[in-house]
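Heads up: the structure comes next, in structure tokens.
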Amino acid sequence: MTDLQVNSKLMDLTTAVDRFVQDGDCVALEGFGHLIPFAAGHEIIRQNKRNLTVCRMTPDLLTDQMLAAGVITRLVASFFASGSAGSLYELRRRVEDHDPEPLEVEEYSHYGMVCRYQAAAAGLPFYPLRSYAGSDLPQLNTDIRKVTDPYGGGEIYVVPPLQPDVTIVHAQRADHLGNVQMWGIVGAQQEAAFAGKKVIVTVEEVVDPEVVRSDPNRTLIPSHAVDAIVHCPGGAYPSYAQGYYDRDNLFYRDWTAISRDPKLIRSWIDRWVYNMPDRAAYMEAVDDERWASLQVATKMSGAVNYGQRQPQH
Amino acid sequence: MNNINTVRGDVTDSLEVTRFDAEFLVTVAARELAGKRRVFAGVGLPTLAVDLAQRRFEPNLEMVYESGVCGAHPEGLAEGIADSVLVSGSESVLNMQALFGYVLQGGNVDVGFLGAAQVDRWGNLNTSFIGDPKNPKVRLPGSGGAADIMASAGEIIVILRRHDLSALPAEVDFCTSPSPVRAREKDPNVPVNGFGVSTVITPLGILRRPDRYGELELAEIFPGVEFDEVHAGTGWDLKVSENLRTTAQPSQEDVALLQQQIDPDRFYLR
């Protein structure tokens, strides 16, 4: 066997989640509107993980689904809605009516969350930011604190590091060694990955290491930060993967009606998560016409010249 | 333009809009962007306003989205700040640390466009909870980037779809994004960069804060609106600007652009 095969981090999703996600863990699932790790979230539901703390800047449909499945007891987040698609009713029922039980919430602003990952990734005790002066957020969340600037600039708010037991992200492609390339909106995935004790990355494509090495600047998460690479085409659906397929906006809008009804959301999870053996089965079950409507036309980037040493004569 | 009605499928749009039409709010908001350079836009009416302003008044207006996209040149209407259409053809896509840290907190954003459930007289915004935050009646989306944008953008423009006592209370139930007035009072030793809210556009008129440590006052009133309606819908004793004027009707060119090119499916124009 070559070194390349020995060092392979490829495994299937069932194995990766079973091996790296334990009950009671703190799990970050990042992806800002783009590359949301839906397949991995569904696998966590399917494996009946319990008592998870989920960290996610923008809890959206995926978080609503994981809440309804009873996976999450604590949520660390900064935006509690689904963008233009509206309210997350399972989340609202948990917070407003404690139905079926209360939800522990730890709340920051977006930049506060980014700084928390950055602090953990860089091994810092806290990270300062110029937000929160006069806000009620520090009163709601006493982990948002003030320190005195040792260089005389007054006081500044700081946030604590956020080190997840496991960070899970989805990306366009990786090689089997674990070098992960992504493009388009990349959010806080790099910071979250470096912050995590263990890292699972699901990808649309597994490519030859030569492909990665032809464009190393596109590798946002290098192999040494990754524990598992999972080949998972469509793994971000119904969110999107730039250059692969677009977001299913219709499904996002439909979610409002599904999540408004506690019975409906649970039967949705039965049908689309528990009754699906894996992601391939889910993608197979997505309506062909719907899937076809999400395909994108090609728009290639211009190539860049990395250069190489001239051959010696 | 002679023909003031345009027909699209079975729907007829009128280029003669009134203050009750979304087109009115958007054109008013777009005019506020004249002379501005780099604008942090959210989804919905701000998306339309920024697009219209770029086509009509400020070709160099740079659209920045909190998803990391700077200098967006979308080929279609974005359904959200992370829409793929904003990425293709854009000038730059940054990670979150670069966008919030370097671009926003570094002082490079002139205008932030925010929505809110509640705005008070100082321009404090609530996007978090209605009722007691520990046991809320309504769980709203929360800060997202709003607390960060308020702290670091040069100024903030707010668009409200309602002008009533619940949207403009004497005091917000929860202060997600504080004005410099409140920041100075509660955290006097923490430096604050931004001016805070400069402009609030409501369905009745425009409120402005001329002074960084001052309060909102009525600067423009929409045609056909009575003072009583504005005062009855505002939770404090709203001052009226010495230079109060009546807001100009949107031009038919602006309305036509919105209806025919920017949002032909009336995705946000509702």
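Given the structure, is residue A:153 loosely packed, with under 13 Cβ neighbours inside 10 Å and of a type outside the set (Ser, Thr, Tyr)?
yes
So is residue A:279 among the basic types (Lys, Arg), buried (at least 16 other Cβ atoms within 10 Å of the Cβ) and closer than 30 Å to residue A:193 by Cα or not?
yes
Collect the residues in region A:81-90 that are out of contact with any Phe, Trp or Tyr (no Cβ under 6 Å at 6 or more places or on another chain) and either open to solvent by 30 Å² or more (accessible area, probe 1.4 Å) or within 10 Å of chain B (Cβ to nearest Cβ) (or both), keeping them in residue-number order.
Result: A:81, A:82, A:83, A:84, A:86, A:87, A:88, A:89.
Is it the case that residue A:247 is under 19 Å from residue A:41 (Cα atoms), among the charged types (D, E, K, R) and in contact with a strand residue (DSSP E or B) (Cβ under 9 Å, 6 or more places away or on another chain)?
Against the criterion (under 19 Å from residue A:41 (Cα atoms), among the charged types (D, E, K, R) and in contact with a strand residue (DSSP E or B) (Cβ under 9 Å, 6 or more places away or on another chain)), residue A:247 qualifies.
So residue A:27 fits all but one of (1) surrounded by 24 or more Cβ atoms within 10 Å (Cβ to Cβ); (2) farther than 17 Å from residue A:225 by Cβ; (3) among the β-branched types (Val, Ile, Thr); what number is the exception?
Failing condition for residue A:27: (2).
Looking at B:149, B:130, B:157, which is the one that is more than 7 Å from every other protein chain (Cβ to nearest Cβ), in contact (Cβ under 8 Å) with a residue 40 or more places away in the chain, of a type in the set (A, V, I, L, M, F, W, C) and open to solvent by 10 Å² or more (accessible area, probe 1.4 Å)?
The match here is B:130.
Looking only at residues in region A:94-114 that are in contact with a Ser or Thr (Cβ under 9 Å, 6 or more places away or on another chain) and assigned to a strand (DSSP E or B), which one is surrounded by the fewest Cβ atoms within 10 Å (Cβ to Cβ)?
Restricting to residues being in contact with a Ser or Thr (Cβ under 9 Å, 6 or more places away or on another chain) and assigned to a strand (DSSP E or B), the top hit is A:104.
Go through B:224, B:233, B:196, B:214 for me and flag whichever is on the phi > 0 side of the Ramachandran plot and surrounded by 14 or more Cβ atoms within 10 Å (Cβ to Cβ).
Criteria check complete, one pass: B:196.
Out of region B:160-174, which residues are surrounded by fewer than 24 Cβ atoms within 10 Å (Cβ to Cβ) and within 14 Å of chain A (Cβ to nearest Cβ)?
Answer for region B:160-174, where residues must be surrounded by fewer than 24 Cβ atoms within 10 Å (Cβ to Cβ) and within 14 Å of chain A (Cβ to nearest Cβ): B:171, B:173.
Just checking, how many residues over region A:115-132 are more than 7 Å from every other protein chain (Cβ to nearest Cβ), open to solvent by 10 Å² or more (accessible area, probe 1.4 Å) and outside any loop (DSSP other than H, G, I, E, B)?
Selection size over region A:115-132: 5.
Residues checked against (1) assigned to a helix (DSSP H, G or I); (2) within 14 Å of chain B (Cβ to nearest Cβ); (3) of a type in the set (S, T, N, Q):
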position: A:257; (1), (2), (3): yes, no, no
position: A:267; (1), (2), (3): yes, no, yes
position: A:273; (1), (2), (3): yes, no, no
position: A:291; (1), (2), (3): yes, no, no
position: A:298; (1), (2), (3): no, yes, yes
position: A:305; (1), (2), (3): no, no, yes
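Looking at (1) open to solvent by 20 Å² or more (accessible area, probe 1.4 Å); (2) within 9 Å of chain A (Cβ to nearest Cβ); (3) among the small types (Gly, Ala, Ser), which is the one condition that is false for residue B:144?
(1)
Residues being open to solvent by less than 40 Å² (accessible area, probe 1.4 Å) and assigned to a strand (DSSP E or B): count how many of those fall in region B:199-211.
Residues meeting the conditions: 6.
Of the numbered conditions (1) closer than 25 Å to residue B:263 by Cα; (2) without any contact (Cβ under 8 Å) to a residue 12 or more places away in the chain; (3) in contact with a helix residue (DSSP H, G or I) (Cβ under 9 Å, 6 or more places away or on another chain), residue B:101 fails exactly one; give the number of that condition.
(1)
Considering only residues that are aliphatic (A, V, I, L, M) and within 14 Å of chain A (Cβ to nearest Cβ), which ones fall in region B:30-83?
Once the filter is applied, which keeps residues that are aliphatic (A, V, I, L, M) and within 14 Å of chain A (Cβ to nearest Cβ), region B:30-83 yields B:41, B:43, B:45, B:48, B:64, B:69, B:72, B:77, B:78, B:81, B:82.
Looking at region A:133-234, what helices (runs of 4 or more DSSP H) fall wholly within it and have at least 2 residues that are in the same structural domain as residue A:13 (by TED's automatic domain parsing) and at pLDDT 95 or above?
A:189-195, A:209-213
For region B:84-102, enumerate the residues that are open to solvent by 20 Å² or more (accessible area, probe 1.4 Å) and more than 7 Å from chain A (Cβ to nearest Cβ).
Answer for region B:84-102, where residues must be open to solvent by 20 Å² or more (accessible area, probe 1.4 Å) and more than 7 Å from chain A (Cβ to nearest Cβ): B:85, B:89, B:90, B:91, B:92, B:94, B:102.
Restricting attention to region B:204-211, does a residue exist that is modelled with pLDDT of 95 or more, within 14 Å of chain A (Cβ to nearest Cβ) and either over 24 Å from residue B:246 (Cβ atoms) or touching an Asp or Glu at 6+ places or on another chain (Cβ under 7 Å) (or both)?
No.
The values are calculated or read from the model by the stated rules, or taken from the named source; none is laboratory data. As the structure is a prediction and not an experimental result, all values here were calculated from the model. Virtual Cβ from ideal backbone geometry, glycine too; neighbours counted across all protein chains shown. Side chains are part of the model used for accessible areas, which takes the heavy atoms of the whole protein and leaves out ligands, DNA and RNA. Shrake-Rupley method; radii C 1.70, N 1.55, O 1.52, S 1.80 Å.
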